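Asker: Before I ask anything, here is the structure I am working with.
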Amino acid sequence: MMTEWRVCTLAELEERGRSTVEVDGRSVGVFLLDDGLRAYTDICPHQGGPVCQGKVMPRVVALLGPDREVVTEAYADDAFHIVCPWHGWEFDIDSGRCVGDSRYGLQPYRVFERDGQVYVAD
C-alpha cells in the first residue's frame, strides 16, 4: 500500500518554485518545473548536505571554436541542475543523478498534484 503525504499547495510552489518539507521524519525537497513536479530526499550522497536547498540552475555547456578549444560557456535550456550548497556537487533535476559521477544520485519520491494540493508518496 502506498503512503502519501500532503506537503504544500500548488500555489505555494508556483510562488517559490520549491519547498523543503518534513515527510515521515525526513527532509524532502519538492520542485515545480515547467514540465512538472520533482521530489528528492534532501540529503546529498557526498557528505549529507542539504542538497535540495541549493541553487537550481541551467546546465552549463562549453562552446568550442574550430580548433576544439573552449571559446566560452553558456547555459543550456534543455536541463536544470540542483547544486549542493556544501560542496557544489550537481544533480540533474529530472533524474536525480550526479552530473560528475552517475553512480551517485538523490533518492526520489513520487510526487503529484490533486485538487491544488501537492503530495509525495513512497
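Rule-based calculations on the coordinates, nothing more; no lab input. Just so it is clear, the model here is predicted, and its values are computed rather than measured.
Asker: Are any residues in segment 22-44 under 28 Å from Asp77 (Cα atoms) and in a strand (DSSP E or B), and if so, which ones?
Answerer: Within segment 22-44, the subset under 28 Å from Asp77 (Cα atoms) is 28-44.
Val28, Gly29, Val30, Phe31, Leu32, Leu33, Gly36, Leu37, Arg38, Ala39, Tyr40, Thr41, listed by residue number.
Asker: Also: Any residue at all in segment 104-122 that's in a loop (DSSP other than H, G, I, E, B) and among the β-branched types (Val, Ile, Thr)? Steps first, please.
Answerer: Of segment 104-122, the ones in a loop (DSSP other than H, G, I, E, B) are 104, 106-107, 109, 115-116, 122.
Adding the requirement that they be among the β-branched types (Val, Ile, Thr) leaves none.
Among the residues of segment 104-122, not one is in a loop (DSSP other than H, G, I, E, B) and among the β-branched types (Val, Ile, Thr), which makes the answer no.
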